[in-house]
Structure formats: structure tokens, C-alpha cells
1. If residue 408 satisfies every condition in (1) within 11 Å of the ligand (Cβ to nearest atom); (2) closer than 30 Å to residue 309 by Cβ but one, which is the exception?
2. Quick test of your reading of the structure: residue 49 fulfils all but one of (1) modelled with pLDDT of 95 or more; (2) polar (S, T, N, Q); (3) assigned to a helix (DSSP H, G or I). Name the failing condition by number.
3. Do the conditions hold for residue 82, that is, is it within 30 Å of residue 263 (Cα to Cα) and either open to solvent by 30 Å² or more (accessible area, probe 1.4 Å) or within 14 Å of the ligand (Cβ to nearest atom) (or both)?
4. Looking at (1) within 16 Å of the ligand (Cβ to nearest atom); (2) open to solvent by 70 Å² or more (accessible area, probe 1.4 Å); (3) modelled with pLDDT of 95 or more, which is the one condition that is false for residue 192?
5. Please go through the range 310-324 and pick out each residue that is away from the ligand (no atom under 16 Å from the Cβ), crowded, with 24+ Cβ neighbours inside 10 Å and part of a helix (DSSP H, G or I).
6. Starting from the range 240-252, take each residue that is polar (S, T, N, Q) and list its partners that are open to solvent by less than 50 Å² (accessible area, probe 1.4 Å) and not in a helix (DSSP H, G or I), counting only C-beta distances under 6 angstrom and pairs at least six apart or across chains.
7. How many residues, within the range 146-189, are open to solvent by 40 Å² or more (accessible area, probe 1.4 Å), within 29 Å of residue 432 (Cβ to Cβ), under 20 Å from the mean Cα position of the chain (by Cα) and not β-branched (Val, Ile, Thr)?
8. Anything in the range 103-121 that is outside any helix (DSSP H, G or I) and either of a type outside the set (Val, Ile, Thr) or within 11 Å of the ligand (Cβ to nearest atom) (or both)? List them, or say none.
Amino acid sequence: VKLVKQKFHRQKYLPPGPPPHWLFGNDIPKEYPARVFEKLTNEYGPVISLQKGSSLFVIIGKNKAAVDILEKENASLVDRPVSIAAGEVLSGDKRILLVGQGKRFQKLRKALQSQLNIKIVESYEPIQEKAARNVLLDILEKPEQHQVAGKRYAASVIMSITYGKTTPTSYSDPEVQQVNKCLNRLGSAIRPGAYLVDSYPILRYVPGYLNTLRQYHREELSLFRSQLDAVRRQMANNTTQPCFAKYLLERQNEYDLSDDELAYLAGSMFGAGSDTTASAISIVIMAAAVFPEAQRRVQEQLDLIVGKDRLPSFSDMDELTEVNAFVLETFRWRPVSVGGFPHRATKDIHYGHYVIPEGATVIANHWALSRDPDVFPEPLKFNPGRWLTEQGTITENLKFYNFGFGRRVCPGQHVANRSLFINTAMLLWAFNIKQDPSAPIDTLAFTDVANTHPLPFKVKFEPRIANLRDLIRDAL
Ligand code: HEM
């Protein structure tokens with residue numbers, strides 16, 4: 001009786017939402033869910049709930065509610081929803097992104113922080129500058145392949161930081177292709193509804209049902225092990241560059257990591273950090289082409305501070321406020337992690353007169369947050385100026401949570417921010433990026449996946465620097 005009463009009480013105080021079908025519950029949108037959820041936010045309010053089977057989804061669509069819940073109550077939202085297909089089976093429960101709250105999560109996260117914290121990331125500057133100069137060369141060579149240039153940048157930076165790789169990385173490298181094959185498998189398995197076992201866990205006992213995913217896991221693990229073994233071999237002949245893998249191999253006991261935990265941790269850096277960064281660079285190129293006035297403001301400051309006789313560098317970062325504001329506005333304008341990432345409530349959370357019950361999956365819809373007029377007036381307008389104070393410095397009073405929330409906030413955010421700074425500075429310094437009048441850009445044409453990517457689009461790169469190739473070659 002007590003349990004029934006409790007259930008009834010919770011039901012009564014659930015956040016509002018569209019009425020569920022008595023048997024099938026609510027429809028979970030199959031296409032562009034973040035855009036559909038934004039409409040539901042406008043209809044039902046900042047926090048809504050949807051019921052599907054035994055799962056309760058709480059979707060947050062306003063910044064104030066997102067901060068009140070996911071930041072202020074973060075201790076109760078460290079956990080991830082159970083993911084049998086993608087998390088337990090495909091990732092062997094070792095991929096940090098999907099690992100639930102507990103000892104393993106804590107040690108993986110601690111190990112990541114040790115190499116991704118704001119102090120350490122400065123040491124990656126030479127890697128990022130070099131790779132960003134290569135983006136310029138790639139674009140001079142094959143401007144129509146600008147999206148590939150961004151992917152190559154992101155892949156080579158991650159490979160250098162993680163495994164100390166010094167040879168140039170091409171997006172067609174067999175190793176990168178293999179990693180991408182694994183990532184595509186993850187992307188498919190992670191889609192809501194992709195595997196019935198996530199709604200009906202009993203299915204895990206059906207013989208053969210999860211065999212393919214188990215096989216994928218073995219392949220992934222052996223790839224990650226082999227990447228780590230390469231670093232071990234280099235360490236044995238003293239030829240390793242300082243990198244994430246070397247640092248952790250030397251301190252494996254201190255961080256209490258098994259061989260496979262370490263292999264997965266290094267391996268999943270690529271998954272979390274490569275495609276996201278490449279997409280964000282592509283969005284910068286799109287925004288520059290579509291908003292020439294905003295591009296021009298950035299270029300005026302670049303000409304003033306950097307001039308045309310040298311390339312921009314990290315030493316200009318504090319002064320290039322227009323570049324920083326432009327990047328912040330692209331993060332908001334088209335968020336890469338468009339629908340946000342799910343957290344699981346480990347106790348009842350009270351919000352106003354609603355209760356988010358223990359066990360609920362809580363998701364901040366980044367797309368809706370980016371268009372929340374309470375925080376971003378005229379949200380559809382691309383306006384980097386909103387990030388600047390009257391004195392021209394970056395304001396401290398505005399924040400967009402493109403890197404997520406609480407104790408799960410993206411640990412790679414400092415690397416990502418710096419990648420976006422250096423690429424935006426170099427691209428807008430080197431080129432006038434223009435729309436191709438014969439192929440106008442559809443700025444809503446994005447892939448429909450968790451980390452969204454602009455669909456292929458055409459732009460023209462007009463060099464602004466006469467001796468660009470020479471300057472790049474000198475710097476390289
Ligand atoms: C523009 C680029 C990036 C964006 C937009 C982004 C966004 C995110 C978001 C939204 C999350 C989930 C946060 C949450 O649960 O609330 C996340 C998690 C994560 N990110 Fe990033 N990220 C980016 C780049 C990177 C990079 C460069 C790395 C690594 C070097 C990285 C590593 C990770 C890892 C390991 C996690 C899982 C953390 C956990 O579950 O505790 N990310 N990221």
C-alpha cells in the first residue's frame with residue numbers, strides 16, 4: 001500500500017507533458033527530437049515529462065530550470081541511465097561517456113581530468129597550432145573539401161594528445177578508419193529504441209541476441225589495446241612523445257586502472273573529442289559565410305592585432321575578443337550536442353511544486369536552451385556582440401551550456417575551446433569565407449544524430465593574405 005501511495009503521489013507531482021497513451025505511453029520523436037522537444041517546451045513549460053514503458057524522461061528546455069536542476073542538484077544527477085546495448089555490451093561497461101555513477105566512473109574521470117585540465121591543456125598549443133595551419137593548407141589545396149579538413153584537424157590533434165602520434169594524420173589512415181567504424185557502431189547502438197533490450201532487459205538472456213554487439217566489443221577492445229601497445233613499445237625504446245597514454249601508463253597503479261580500462265579510456269577520447277570538434281569547426285565556416293558582417297568585425301580586429309605578416313597564435317587569445325565572441329555565438333547558434341546528454345536522477349528532486357522522481361532520465365535540451373529568449377534576447381539572430389561588454393571584453397554574465405552539466409560536464413572542453421579559437425582565428429585571418437551564390441546554404445541542414453554535423457555545403461575561400469603559403473611554410 002505504501003508503494004502504491006508513493007507512486008500515486010509521484011505521478012501527481014510529475015512535471016507536465018503531453019498526455020501519454022494508456023498502453024504505449026508518449027511518442028518519442030524519431031526525427032530531430034531536439035526540435036520537437038523545443039515545441040513541447042513552448043507548449044508545456046520549462047520542465048516536461050514523457051513516459052515510455054517503465055522509463056520516465058524529464059526534458060528541460062529553459063536555462064534557469066537547467067541550472068537549478070542539473071547544476072545545483074548535480075550530486076543527484078551524476079549517474080547515466082542504464083544502457084545495456086551500447087554501454088554494457090558494446091563498450092564492456094568501460095566507455096566513460098556511458099559508465100554509471102560509482103567507483104569506476106570516479107577513477108576514469110580523475111584520470112581524464114589529470115590530462116585535460118585547464119593548466120595542462122596549454123602544453124597542447126604547438127600541436128593545435130600546427131594542425132590548424134594544416135587546415136589552411138588543406139583548404140588552399142581542396143577548398144571544396146573544407147569539412148574533411150576540419151575532420152583531419154580534429155583526428156590528428158586527438159591522436160597526438162592521446163598517443164603522442166607525430167606523423168601527419170590523414171582522415172583516410174587505416175587506424176582512423178577503424179576507429180570511425182567502431183564509432184559508427186556506437187552511434188547506431190546508442191540511438192533510443194535501437195535495441196529492444198534497453199526497454200526489456202530480460203532479452204539479454206535470449207541466446208544469440210547480443211552476439212553481434214559482443215563481437216563489436218571484442219574488435220573495439222583489441223583495437224584500443226593495440227593502440228596502447230604501440231605506446232608501450234615506444235616507451236621501451238625511449239621514443240615516446242609525452243602524451244595521455246604515456247602519462248597514465250607510468251601511473252597506472254596510482255590511478256588504479258586495469259589495462260583494459262586504460263585502453264578504453266584512451267580509445268574513447270577519439271569518440272568524444274574528434275567528431276564534435278570537427279563539427280564545431282564546420283559550423284564556424286558556415287556562420288562566417290552566412291553572416292559576412294560578423295565575419296568582417298572579427299577580421300578588423302585580426303588585422304589590427306595580428307596584421308598580415310604573421311599567423312595568429314595562442315599568444316593573441318586574450319586580445320582577440322572578437323574571435324572568442326564569434327566562437328561562443330557559434331556554440332550557441334548551432335549546438336553540436338544538440339539534444340544534450342542524459343543523466344539519471346538517483347534521488348527525488350523537487351523543482352517548484354514538481355517532483356522529478358528517482359530513476360528518471362533527465363535531459364537538458366541544448367537546442368531549446370540556445371533559443372531561450374530569457375537569456376538570449378532575439379535568439380534567432382547571430383549576434384557575437386551579445387558576448388561582449390561595452391569595454392569589448394568577454395562578459396562574465398552570460399553562459400551557454402554547450403559542454404553539458406554538473407559532474408558530467410565535458411572534460412575536453414578546454415581542449416575544444418582552444419581548438420575552436422585557433423581555427424577560427426586562422427581561417428578568418430586567411431580567408432574571406434563567402435556563400436556560393438549558385439548553392440545557398442541551408443543553415444538548418446544538419447545530420448540527425450546526437451552530435452550533429454552540418455550536411456555538406458559549399459563556400460568560397462577568398463585568400464586575404466598575399467603570401468599565405470610562404471607564411472604557413474615558414475611557421476611549419
Ligand atoms: C566542440 C566540441 C565538444 C562538445 C560540444 C562536447 C560536448 C560534450 C557534452 C555535451 C558532453 C556530455 C555532458 C553531460 O553529460 O552533461 C560531453 C562529454 C564528454 N566529452 Fe565532450 N565535447 C566536445 C569536445 C570534447 C573533446 C575535445 C574531448 C576530449 C579531448 C571530449 C571528451 C568528452 C568525454 C570523455 C565525455 C564524457 C564525460 C562523462 O561522461 O563523464 N569532448 N562532451
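The values are calculated or read from the model by the stated rules, or taken from the named source; none is laboratory data. The shown structure was predicted, so the numbers you read here are calculated from the model rather than taken from an experiment. FYI the Cβ positions are ideal-geometry reconstructions off the backbone, even for glycines, and counts take in every protein chain you see. Please note that ligands, DNA and RNA were not included when accessible areas were found on the heavy atoms of the full protein model with its side chains. Shrake-Rupley method; radii C 1.70, N 1.55, O 1.52, S 1.80 Å.
1. Of everything listed in (1) within 11 Å of the ligand (Cβ to nearest atom); (2) closer than 30 Å to residue 309 by Cβ, residue 408 misses just condition (2).
2. That leaves (3) as the condition not met.
3. Numbers: within 30 Å of residue 263 (Cα to Cα): yes; either open to solvent by 30 Å² or more (accessible area, probe 1.4 Å) or within 14 Å of the ligand (Cβ to nearest atom) (or both): yes.
For residue 82, the condition - within 30 Å of residue 263 (Cα to Cα) and either open to solvent by 30 Å² or more (accessible area, probe 1.4 Å) or within 14 Å of the ligand (Cβ to nearest atom) (or both) - is met.
4. With (1) within 16 Å of the ligand (Cβ to nearest atom); (2) open to solvent by 70 Å² or more (accessible area, probe 1.4 Å); (3) modelled with pLDDT of 95 or more applied to residue 192, the lone miss is (3).
5. If the condition is that a residue be away from the ligand (no atom under 16 Å from the Cβ), crowded, with 24+ Cβ neighbours inside 10 Å and part of a helix (DSSP H, G or I), then 322 is the only one that fits.
6. These pairs meet every condition: 240/164; 241/164.
7. 3
8. Step one: filter the range 103-121 for residues outside any helix (DSSP H, G or I), giving 117-119.
117, 119 - these are the residues of the range 103-121 that are outside any helix (DSSP H, G or I) and either of a type outside the set (Val, Ile, Thr) or within 11 Å of the ligand (Cβ to nearest atom) (or both).
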